[in-house]
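Step one of this worksheet: look at the structure below.
The values are calculated or read from the model by the stated rules, or taken from the named source; none is laboratory data. Because the structure is a prediction, the values reported are computed rather than measured. Here the Cβ positions follow ideal geometry from the backbone for every residue, glycine too, while neighbour counts run over all protein chains shown. The area values use the complete protein model at the heavy-atom level, side chains included, leaving out ligands, DNA and RNA. Shrake-Rupley method; radii C 1.70, N 1.55, O 1.52, S 1.80 Å.
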Amino acid sequence: MRVNRLILRNFRNYINIKIDFTANVNIFVGQNAQGKTNLLEALYFSAMGRSHRTNTDQELIRWEQSAASVEVIFHRQDMENSLKIKLITSQNKEILYNGHPLPAREIVGSLNAILFSPEDLLLIKGAPALRRRFLDNEISQANPTYYRQLLNYNRMLGQRNNLLKKIREGKASSDLLFPWDEQLAGASATITQKRLESVKKLTMLANLHHRKITGSRENLTVSYFLNGSNQDKIEDLSGWYHEQLNRQRKQDIMSGSTGIGPHRDDLIFSVNGKNMRNFGSQGQQRTGVLALKLAELEFIKSETGEYPILLLDDVMSELDAGRRSELLLFIRERVQTFITAADEQYFSEAKLGKFYRVQSGTVTE
């Protein structure tokens, strides 16, 4: 997979620009607040249909403008494609894939991208939601059907939670929960089963990279934590979820929220048998995150046949020389990469890529 061109109109601080990219490493250099991250945001937005920095599309439209657009021209499976997203104030975004309308729920999987930012260094010691998002994004890009199943699950979950609140307030009967629980149990089982299958492959790939980075001194293991269960394996996930929803129905009504399901699960990262979140040093945690990101690239390639594009947002300054070297060695001639950096010092010895100067919303080679 390769992005050939990016065209922005009134996106963030860009008025009207067109950038052609090299197939290898593209490096955006400039001072802070000049628009470097906005370029990576535009590429991520094209891949996922949403920004990684805001939940409001309107914030992407340039100040005092009523509309904006992002367009990428990219190669996938040796075929050139175009993906354009139009943003208009107070309206839903419009997506065109090769000139044809594309529903927002179907954009994921069209252009695959992996983002690595300083916030990702909190992946191991941060909140469980970060780890669930990491896993869901990975699976969704490799399997768009999973993404639609996840959207459906979240919709059902929201509707069940609304019903729970009404029951708590005496505005609805608890009998109404039975059909919802049956549907939610089935959807939960589908999501969890796919996550479990993916974690098996992820742990193998991540450990290979982790051993390479640590000189075979450490083994990284990724485990899936099924909230509410102390079992390693459940044969009938749908039946188990239905039983759990029934068992804690009163508690759910009191809280007005669903306490069991994939939205409550977590990932556990261990090195040599020890939980990295509790016992890993900062260096071990950063090595673990780097190994996970490299494994994410390999996972998507194994599922789709192509590496996704890689977006590195100011992450080079957060990694030491050894980890930077390992990262650059992996991506060289393999993964089309887009990097933001304050200066060129991190790449002086690598001698790779094409440099772009970013200043006040302009980009020059």
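Roughly what % antiparallel, to the nearest 5, for the DSSP beta bridges in the chain?
Values: 41 of 58 bridges.
Within the chain, antiparallel bridges account for around 70 percent of the total.
Couplings 3J(HN,Hα) for the range 173-186, derived from phi with the Karplus relation 6.51 cos²θ - 1.76 cosθ + 1.60 (θ = phi - 60°), are 8, 5, 4, 5, 6, 4, x, 5, 5, 5, 5, 5, 4, x Hz, where x marks Gly and Pro.
Taking 0.692 mPa s as the viscosity and 37 °C as the temperature, the Stokes-Einstein diffusion coefficient of the range 1-154 based on its alpha-carbon Kirkwood radius rounds to 199 µm²/s. Residue ranges 52-62, 192-202 sort as 192-202, 52-62 when ordered by packing (mean number of other C-beta atoms within 10 Å per residue, highest first). For the range 9-17, backbone phi angles converted through the Karplus equation (6.51, -1.76, 1.60; θ = phi - 60°) give residue-by-residue couplings of 10, 6, 9, 6, 9, 9, 7, 7, 10 Hz, Gly and Pro being listed as x.
What value, in deg cm²/dmol to 500, does the helix sum -39500 (n - 2.57) over DSSP H runs of n ≥ 4 give at 222 nm once divided by the residues of the chain?
Numbers: 9 runs with 146 residues, N = 365.
For the chain, the value works out to -13500 deg cm²/dmol.
Sorting 240, 63 by solvent-accessible area of protein heavy atoms yields 63, 240, largest first, with a 1.4 Å probe. Placing pseudo-labels 7 Å out from each Cα toward the beta carbon at residue 77 and residue 274 gives an inter-label distance of 4.7 nm. Its Cα gyration tensor gives the range 209-262 an equivalent ellipsoid; the semi-axes, largest first and in whole Å, are 36, 14, 7.
Using the Cβ-Cβ distance between residue 342 and residue 364 with R0 = 22 Å, the FRET efficiency computed as 1/(1 + (r/R0)^6) comes to roughly 0.85. With K and R counted +1 and D and E -1, the other residues having a Cβ less than 13 Å from that of residue 148 yield a net charge of +1.
Sorted into 20 angstrom bins from 0, the C-alpha pair distances of the chain split as 27, 54, 19, 0 percent.
With all protein chains present, how much of the accessible area of the chain (probe radius 1.4 Å) comes from carbon and sulfur, to the nearest whole percent? Present the calculation step by step, with values, prior to reporting the outcome.
Numbers: 7730 of 17170 Å².
C and S fraction of accessible area: 45 percent.
In the full protein context, the chain carries 47 Å² of accessible surface per residue, based on a 1.4 Å probe and ignoring ligands, DNA and RNA.
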